[in-house]
1. Can you name the residue in region 362-392 that is within 20 Å of the chain's Cα centre (by Cα) and within 24 Å of Glu281 (Cα to Cα) and is also surrounded by the most Cβ atoms within 10 Å (Cβ to Cβ) among such residues?
2. Counting only residues that are among the basic types (Lys, Arg) and in contact (Cβ under 8 Å) with a residue 60 or more places away in the chain, which one in region 122-143 is nearest to Ala308 (Cα to Cα)?
3. Across region 44-69, what is the number of residues that are buried (at least 19 other Cβ atoms within 10 Å of the Cβ) and either outside the structural domain of Glu309 (by TED's automatic domain parsing) or farther than 14 Å from Trp165 by Cβ (or both)?
4. Can you tell me which residues in region 70-94 are charged (D, E, K, R) and either outside the structural domain of Asp313 (by TED's automatic domain parsing) or farther than 12 Å from Ala308 by Cα (or both)?
5. Under 30 Å from Asp63 (Cα atoms) and not assigned by TED's automatic domain parsing to the domain that holds Thr72 - does that describe any residue in region 319-332?
6. Grab the strands (runs of 3 or more DSSP E) fully contained in region 104-208, keeping just those with 3 or more residues being surrounded by 24 or more Cβ atoms within 10 Å (Cβ to Cβ) and of a type in the set (A, V, I, L, M, F, W, C).
Amino acid sequence: MPQLAFSRRAVLRGLGATALPAALAGCGVPAAHVPEDRRGGLDRSERDRTLSFSNWPLYIDTDEEDEERRPTLDAFSERTGIEVRYSEEINDNDEFFGKVSPALMNHQETGHDLVVVSDWMAARFVHLGWAQKMDRSTQSNVDRHLDPQLRSPAFDEGRLHTVPWQSGITGIAYNRRALGREIKSVNDLWQPDLAGRVTLFSGLDESFALLMQGDGVDVTRWTESDFHRMCDRVESMVRKKHIRRFTGNDYTSDLSKGDVLACQAYSGDAIQLQADNPDIEFVVPYEGAELWAESLLVPNLARHKANAEALIDHYYDPEVAAELAASVNYVCPVPAAREVLAGSDDQDTAALAEHPLIFPDDEMRERLVVARDISSAERRSLARRWNAIVGL
């Protein structure tokens, strides 16, 4: 897997360049909400066999000899005759939201048929009524193969408006040899031998769930008092200089260089880190860890909704899902892809079927939960508290 230069779960920076649209969404401005029966437009899919698909960089399989070719997309086009205009234009959730929100607020087309955003941002689209309900009667693979743990997040019950592209785990990565002991609990991060050698994520949405789990909180139904109790602990550790700094995806460099010994980390990054340094371990703490996803959605008034739904279902074919998983190395949202990889003649590919960070086993799954998202009513005050601690 290529080394990533940024976090796909982009940091929430508060009210920055996208202040106006983010603030409107965060406050849930009534005028911005679009009811279900006003989200669809004239679907040109049947006569115009194309679609526009926007994704994050380095988040799809590519041909080893020609990086401009994407085998799974090419296979879809060859089978259906639908040309996919694929772009890697999403570098930050809030930045992309700011780009499309003026059109969506004014009930205009965005030019996007299919996009991938982090689930906390997908929640914003769903709550505002800016994502169309999908026609599951045309998506038999999604209906049959979607990971049960990802089927019904609180922000989109039944996954009517979103479908996971890839999934992942927020846990703890650490250098076991350098530390000289195991880490099994979130609270192990606060031990004296890690003073000044720990980093946490700066993004509110990226960091809060794991830290609250360390306090024994059920993050599927956390409260504001749970959040502030967690902040009190983190604030105390900042005053003691126990936390070295708050990071984006640059935590991988800190850990690789030995500047830190333990940190909040994403499972997909951990696979690359372990390939470069076998002393790096990734742990799902015994209190639990957050299972998250980045999800596909069809924005309002998309011109090629049926084509987009067909592409989504293509990626839920276990054969296709296996090919994608083997390339990007995140948690695969199609458990049936595991058998496909296990049957590969290539030894390295077959070994991926047993990798717990791509296909978590039953014991690990018992400790994985999908956290309740931060509501629009909560976001402003919670972000203010967290950003003050982090220094944003």
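1. Of everything passing the filter in region 362-392, Ala371 is surrounded by the most Cβ atoms within 10 Å (Cβ to Cβ).
2. Taking region 122-143 and keeping what is among the basic types (Lys, Arg), we get 124, 133, 136.
Pick out the ones that are also in contact (Cβ under 8 Å) with a residue 60 or more places away in the chain and you get 124, 133.
Values: Arg124: 20, Lys133: 12 Å.
In this case the residue turns out to be Lys133.
3. Let us first name the residues in region 44-69 that are buried (at least 19 other Cβ atoms within 10 Å of the Cβ), namely 45, 51-56, 59-60.
Checking which are either outside the structural domain of Glu309 (by TED's automatic domain parsing) or farther than 14 Å from Trp165 by Cβ (or both) leaves us with 45, 51-52.
Qualifying residue count, region 44-69: 3.
4. Applying the first criterion (charged (D, E, K, R)) to region 70-94 yields 70, 74, 78-79, 83, 85, 88-89, 92, 94.
Of everything in region 70-94, those that are charged (D, E, K, R) and either outside the structural domain of Asp313 (by TED's automatic domain parsing) or farther than 12 Å from Ala308 by Cα (or both) turn out to be Arg70, Asp74, Glu78, Arg79, Glu88, Glu89, Asp92, Asp94.
5. Going through region 319-332, the residues under 30 Å from Asp63 (Cα atoms) turn out to be 319-332.
Now narrow it down to the ones that are not assigned by TED's automatic domain parsing to the domain that holds Thr72: none.
Looking for residues that are under 30 Å from Asp63 (Cα atoms) and not assigned by TED's automatic domain parsing to the domain that holds Thr72, one finds none in region 319-332, hence no.
6. Working: elements: 114-118, 162-175, 198-201.
It comes to 114-118, 162-175.
Residues are listed down the side, and each one gets a yes or a no for (1) among the basic types (Lys, Arg); (2) surrounded by fewer than 22 Cβ atoms within 10 Å (Cβ to Cβ); (3) under 30 Å from Leu104 (Cβ atoms):
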| position | (1), (2), (3) |
| --- | --- |
| Pro278 | no, yes, no |
| Pro285 | no, yes, no |
| Gly288 | no, no, no |
| Trp292 | no, no, yes |
| Val298 | no, no, yes |
| Ala308 | no, no, yes |
| Val331 | no, no, yes |
| His355 | no, yes, no |
| Ile358 | no, no, no |
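Residue-wise test of (1) part of a helix (DSSP H, G or I); (2) modelled with pLDDT of 95 or more; (3) within 19 Å of the chain's Cα centre (by Cα).
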{"site": "Ser225", "(1), (2), (3)": "yes, yes, no"}
{"site": "Arg244", "(1), (2), (3)": "no, yes, no"}
{"site": "Asn249", "(1), (2), (3)": "no, no, yes"}
{"site": "Asp269", "(1), (2), (3)": "yes, no, yes"}
{"site": "Leu273", "(1), (2), (3)": "yes, no, yes"}
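The values are calculated or read from the model by the stated rules, or taken from the named source; none is laboratory data. Values in this document were obtained by computation on a predicted structure and should not be read as measured data. Here the Cβ is made from the backbone with ideal geometry for all residues, glycine too, and neighbour counts use every protein chain on show.
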